[in-house]
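Inspection log for the structure reproduced underneath, given as structure tokens.
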């Protein structure tokens, strides 16, 4: 039996701040091209064409395939001109908490034969609330990690990474790994750790990651100067000797650090938190998670079993 030919819309780009989004697109692309005959369409390579020329190129692309798979990070709806009944499959990603913007961009071109993929039940619930009359089918497909890579480290591996970062071996260790960004609510984590440090003076908090320039647009907040602000808070809370900021770490250091930590912590309030790779990676390395009751983290972390949720509230001030 002849395999279906997939048409893949994929915008290749420098990942920048949104590494996890590009990771989903890149790894999905790899699996699909390995398992199916594919035709890949790169919309960012056709920016020089007129609207009429784009429509022609799009139709020619669709005519060659049986299914169109729209991969992240592409959110453009231009390249979905279909004269034949060719199904479209696309990811919701982080657009649902913003009113389903990825769906709205292509709404006029969607058909009952199309499907949308959610990475969490939270996103599916929002979709059903906003687009309750949609005839499209929705599927929850959580992202995956390689458990042969992310797994508990040896006692020697844990000891070595702590020594390398200047963390006493017997010190209780809280770990955050990710972008140093206001979206991740790290200032609240520091305030929480201030209380922990008062009662457990040997405890340490490691913030592994690098600052970026992604804004929290929903609250009209940029990330400019956020690293300096965190440094000021660390001084204000008198926890300078207990907070370690090693910058961005590669897997060779991050995996044993996940294992060496006693608790992985994430206070994120970012709308795009529809799965949470770092939480799942930490749990795969044997470390429980304490995180916001937010987005996909409500699925990946089971309260009272693999970690604990912190109630997350939005006030008038955010």
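Rounded to the nearest 500, the 222 nm mean residue ellipticity of the chain from helices alone is -9500 deg cm²/dmol, with -39,500 (n - 2.57) taken per DSSP H run of at least 4 residues. The spacing between the range 23-49 and the range 81-111, judged by their C-alpha centroids, is 17 Å.
Counting only DSSP beta bridges with both residues in the chain, the antiparallel share comes to about 5 percent.
With all projection directions averaged, the alpha carbon convex hull of the chain covers 19.0 nm². In terms of other Cβ atoms within 10 Å, 248, 64 run from fewest to most in the order 64, 248.
Does anyone have the angle between helix 121-130 and the longest principal axis of the chain? Alpha-carbon axes, 0 to 90°, nearest 10? It works out to around 50 degrees.
Between 62, 243, 130, the Gaussian network model of the chain with springs among Cα atoms under 10 angstrom shows the greatest mean-square fluctuation at 130.
Highest GNM mean-square fluctuation among 93, 257, 110, for the chain modelled with Cα contacts below 10 Å: 110.
Angle of helix 155-164 to the longest C-alpha principal axis of the chain, folded into 0 to 90 degrees and rounded to 10: 80°.
Each peptide in 54-60, 6-12 gets a packing score, the mean of other Cβ atoms within 10 Å over its residues, and the list from highest to lowest is 6-12, 54-60. Protection proxy ranking, highest mean first, for peptides 25-31, 195-201, 66-72: 66-72, 25-31, 195-201, where packing is the per-residue count of other beta-carbon atoms within 10 Å, averaged. Under the shape rule built on the C-alpha gyration tensor, where the axes satisfy a ≥ b ≥ c, the range 138-279 is oblate, since a/c reaches at least 1.5 while a/b does not exceed b/c. For the chain, take the longest principal axis of its alpha carbons; what is the angle in degrees between that and the long axis of helix 186-199, to the nearest 10 within 0 to 90? It is inclined by approximately 30 degrees.
Any idea how far the Cα center of the range 135-206 sits from the one of the range 243-318, in Å? Computed from Cα coordinates, the inter-centre distance equals 7 Å.
Just so you know, all these numbers are worked out from the coordinates, no wet-lab data involved. The shown structure was predicted, so the numbers you read here are calculated from the model rather than taken from an experiment. Positions of Cβ are generated from backbone atoms using ideal geometry, with glycine treated the same way; all protein chains shown enter the neighbour counts.
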